[in-house]
Structures are given as structure tokens and as C-alpha cells.
Amino acid sequence: MNVRSRARISESAFVTKFSELGLIEPLQRALAAKGYDIPTPIQSQAIPPLLEGRDLCGIAQTGTGKTAAFALPSIHHLSETLKHTPPQGCRMLVLAPTRELASQIAESFVQYGKFLRLSVATVFGGVPINKQIRQLQRGVDILVATPGRLLDLIDQRALSLKFVEIFVLDEADQMLDLGFIHALKRIDQLLPKKRQSLFFSATMPKAIAELGNRFLTDPVRVSVAPQSTTAERVEQFATFCNPTEKQALLTLRIRSEPIDRALVFSRTKHGADRIVKNLRAAGIESEAIHGNKSQPQRERALGLFRTGDVKILVATDIAARGIDVGGVSHVFNYELPNVAEQYVHRIGRTARAGAAGVAIAFVADDERPYLKAIEKLTKIQLEIQPLPENFIAEKAKLPKPAPSAPQPQGDRNRRHDGGGRNAEGQPKRRFARPKGAPGAHKGAVRRFGGGGGR
Ligand code: AMP
């Protein structure tokens, strides 16, 4: 970190109100409308240097307010230097690893910019490309994209990156996990050299830092939580059990815990479906969200969870990545992830924006090494929660769980459901992808403030 950036961070650490950040009035109005008064630590650290045009490397988990940290100064810049949108181009590009996250980021831009006339579009795979091609014809101010579909659009000459003034790479660690490294390197080649770049990751191991160096020039570095620190407000428990006891344990815990909303993490897609089936058989309404579900199915499940109509959402890691739903009181780790960092991401889904949360892990004998790795990384020992009283008798009263279906080749022992498919629900491949993949289309160009084109 250079002297200038260090000084900037310590100065900005004193910013306690949005009104002190020097953001344009329409942004302040939008923040007031959302009821945001006080910037989160990442916002007060990042916004001042970003308004100065600096590059930024941020270590921040989801739930820290990082979307506003990059959206607010960018909207400020784009509307202060208002221009015609470049045909088949964009002025700002935000890359996100999953379609859910891309949609969520775009929605934040729309909300923060609702008193301004800037356009925002979202493009991701798994939906027809032609409508996206048409949307991009007149150009947009802000484009939020997943990497594969972005390159498809470029290859079809529907989009050029040569007018990008601000580039954001969000969730870099997840991008690498999903195998997007080659796509990112190619996108780097296509971006103009003169631009502002922002790079965010929840963790910063060497490979991620190297990727960051590729995109950034003399960045300000901000970090809102020490690397891989487990969310402090989450109460964490572990119960040792046999794999065959997990379903009954989950059902009984869901019945006994005061749950507002709970996320259940399964390591595989088939496992997630099976858990939902068994919960339903026991009279507990739940939905599954994973990479084998179509976009409309994913949106429906997420919608029911958001509105509270369904309190239990069973997810694989990748599908859960973009879920920003407040009021998640419990996270169940039905299986422990075999990558310790993933545990931090999972439990970070609860205890968002100041709330408290509970995380419960079911640990089978062969998962004990994973528990050890998690405790080593987080420097927190999970509190052991014994099996519920009368477990055997209570378990016997439950419907017999559906047997494990044979898993297709390749689903077994996979790290998560991004292993063979990328964030766009397509089998992993470098750049090409079949055109017109099935699924409903979402991703309209939206104008802030209902304004028309310029
Ligand atoms: P993010 O880390 O960007 O996913 O944001 C996490 C959640 O915090 C989102 O629901 C935001 O709407 C909310 N949020 C962001 N900034 C603030 C703020 N300054 N005050 C209150 N809530 C915020």
C-alpha cells in the first residue's frame, strides 16, 4: 500500500454519514429513500478514493455493503460526465460469477440511480442471446455480466468493450473456482488500458492477488474483515452423526429451532433434491436451488424464499452465491464443504446487516478433517451440540427417507455444483456456448428514473 492510500483510508475511516462523502444529491436522495444513513466500513473506506478515480482492491465478504461501495462512486462519475451511450458498448462493466448475483447487482444500480438518467442492462447465459443482442445495439451506461455470455456477445460482434471507463470484477475468488480464469484473461485484453478498475474478493490467496495485479494499477487496498474471518455474530454449532441420521436430524432441528428463514447447504445437486423431497414428506415446505434447475425455477424458488412463503431453501454453494435475502436466521451445513473458505461464505449468508444468526453443521466421521480445517482457518471452535433427546425414538416416527439415487458420473465428490458447469448453467468450456439455450429471458435494459434514451 502506498503512502497516499494509507492516508486516505485513515482519513475516510472518520466518515460517519453519507452526506459527508460528497456524493451528488440524487444519489443522496436515493440512499435516504432506502433508509441508509451511515456508510458501512467498506463504503467509508472505498468511496473517497474511488471518487478520486483510483483503482481499488477490496477484500470483503458479501453482506458488507460492497455493492454500494462500488456502485455509488461509479454512478456519481457516470452522471457527472454524462455522455451518449456508445452503440454496442457500455461505459461501465461489472463482472459477476453467477446470474443471481449479476441480477442483484443490476437491481442495486437501478435503485441507487433511480433519480438519474443512466441505463443498466444485465446479460448472463442460460437465456436466449438474441434479445440481449438487440438490447445492446444502442449501448448502455452500465452492463452487469457473467464472463461466458459477455464473451459470446463479443464474439458475435454485438458488444465492444473499447468504451469502458470503469471496470469491476466482483467475487474474484468464486470466478476462479468456477473456471473463469481464461475468460477473464481474454476480457482483460479487450478492455481499454485507460480505465478505472475495481477488484473484489472475499479471500485473497496468491492466485487471486496475481489475477488482481493483472487488472489494477497502483490500487488502494481496503479490507473490511481479516482474511477468511468467520462472521462474528454467527453462533456456530456442530453435531456429530452418521450420514444416515442427517435427514432426521435436519427435520427435527427445523421443527425445534426458532427459524425465520433457513438455508440448507448440500454438496451435490442430487443431494439437494433428495433433502427437499424428504422434508416435504415430513410436512416441511422447502425448495431447492442448484445448477440443474432452469432459470425460471431458480427465480421461483428464490422468490418464495424472499417473500417468506417458503422458509427453507436447500442450495448448493454456487446457487447460493448470489442470494441476498435478509432475515436468514439459520444456516445448516448438511454436509461440510471440503474447502474451508466455502464454510465462511455459507455462514455469511446469515447475520447480514447487523442481525444475529445460527450455523449448524452435521459432521459425519469422514468429514472430521474438514471440520478441523474450518476451525484452523476461522480460529473458532464450533460448539458441539449433541443429538436431540430421544433421537432414536423421534427418528423412528419420521417418514423413511428416500434412498440415495445413484449419482451420474462426475457428480460424486465434486467440490460444488460449479465443478462441471459454469455459473451460466452450461457445461464448462472455454468461450463458445450453444446459442438459444432454453430458459426464460430476463435482463432488460432499464433506464434509471424512468428516463428514455439519450
Ligand atoms: P452487499 O454486501 O453489497 O451484498 O450488501 C449487503 C446488504 O446490506 C444489502 O441488502 C444492502 O442493501 C445492505 N446495505 C448496503 N449498504 C448499507 C448501508 N449503508 N446501510 C444499511 N444497509 C446497507
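The values are calculated or read from the model by the stated rules, or taken from the named source; none is laboratory data. In this text, all values refer to a predicted model and were calculated from it rather than measured experimentally. FYI the Cβ positions are ideal-geometry reconstructions off the backbone, even for glycines, and counts take in every protein chain you see.
Numerical summary
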{"item": "Residues (within 12 Å of the ligand (Cβ to nearest atom) and either farther than 17 Å from SER74 by Cα or among the β-branched types (Val, Ile, Thr) (or both)) located in region 13-29", "result": "VAL15, THR16, LYS17"}
{"item": "Some residue of region 4-11 being within 16 Å of the ligand (Cβ to nearest atom), in the same structural domain as ARG134 (by TED's automatic domain parsing) and either modelled with pLDDT under 95 or under 26 Å from the mean Cα position of the chain (by Cα) (or both)", "result": "no"}
{"item": "PRO73 modelled with pLDDT under 95 and not small (Gly, Ala, Ser)", "result": "no"}
{"item": "Filter result (surrounded by fewer than 21 Cβ atoms within 10 Å (Cβ to Cβ) and either among the aliphatic types (A, V, I, L, M) or within 25 Å of ALA102 (Cα to Cα) (or both)) within region 274-292", "result": "ALA281, ALA282, ILE284, ASN292"}
{"item": "GLU210, sole failed condition from (1) under 27 Å from GLY291 (Cβ atoms); (2) without any contact (Cβ under 8 Å) to a residue 40 or more places away in the chain", "result": "(1)"}
{"item": "Cβ-Cβ under 6 Å pairs, at least 6 apart or on other chains, region 58-71 side within 12 Å of ASP324 (Cβ to Cβ) and within 6 Å of the ligand (Cβ to nearest atom), far side of a type in the set (Lys, Arg) and at pLDDT below 90", "result": "GLY63/ARG352"}
{"item": "Condition check for VAL344: under 21 Å from PRO97 (Cβ atoms), within 16 Å of the ligand (Cβ to nearest atom) and either in a loop (DSSP other than H, G, I, E, B) or outside the structural domain of ALA102 (by TED's automatic domain parsing) (or both)", "result": "yes"}
{"item": "Residue satisfying all of: in region 178-204; surrounded by fewer than 21 Cβ atoms within 10 Å (Cβ to Cβ) and among the β-branched types (Val, Ile, Thr); modelled with the highest pLDDT among these", "result": "ILE181"}
{"item": "Residues within region 118-130 that are in contact with a helix residue (DSSP H, G or I) (Cβ under 6 Å, 6 or more places away or on another chain) and either farther than 22 Å from LYS293 by Cα or free of Cβ contacts under 8 Å to residues at least 60 places away in the same chain (or both), tallied", "result": "3"}
{"item": "Residues of region 72-82 that turn out to be within 15 Å of the ligand (Cβ to nearest atom) and aliphatic (A, V, I, L, M), as a count", "result": "2"}
{"item": "Options VAL110, VAL127, VAL94: the member that is of a type outside the set (S, T, N, Q) and away from the ligand (no atom under 16 Å from the Cβ)", "result": "VAL127"}
{"item": "Residue identified as touching a Ser or Thr at 6+ places or on another chain (Cβ under 8 Å) and either more than 28 Å from GLU80 (Cβ to Cβ) or of a type outside the set (D, E, K, R) (or both) among LEU118, LEU151", "result": "LEU118"}
{"item": "Subset tally (residues that are part of a loop (DSSP other than H, G, I, E, B), within 11 Å of the ligand (Cβ to nearest atom) and not charged (D, E, K, R)) for region 30-54", "result": "5"}
{"item": "Of the criteria (1) more than 30 Å from CYS57 (Cα to Cα); (2) modelled with pLDDT under 95, which one ALA207 fails", "result": "(1)"}
{"item": "Sole exception among (1) on the phi > 0 side of the Ramachandran plot; (2) modelled with pLDDT of 90 or more for ALA68, by number", "result": "(1)"}
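The rows are residues; the columns are (1) surrounded by fewer than 20 Cβ atoms within 10 Å (Cβ to Cβ); (2) at pLDDT below 90.
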| position | (1), (2) |
| --- | --- |
| ARG346 | no, yes |
| GLY354 | yes, yes |
| ARG368 | yes, no |
| GLU383 | yes, no |
| LEU387 | yes, no |
| ALA393 | yes, no |
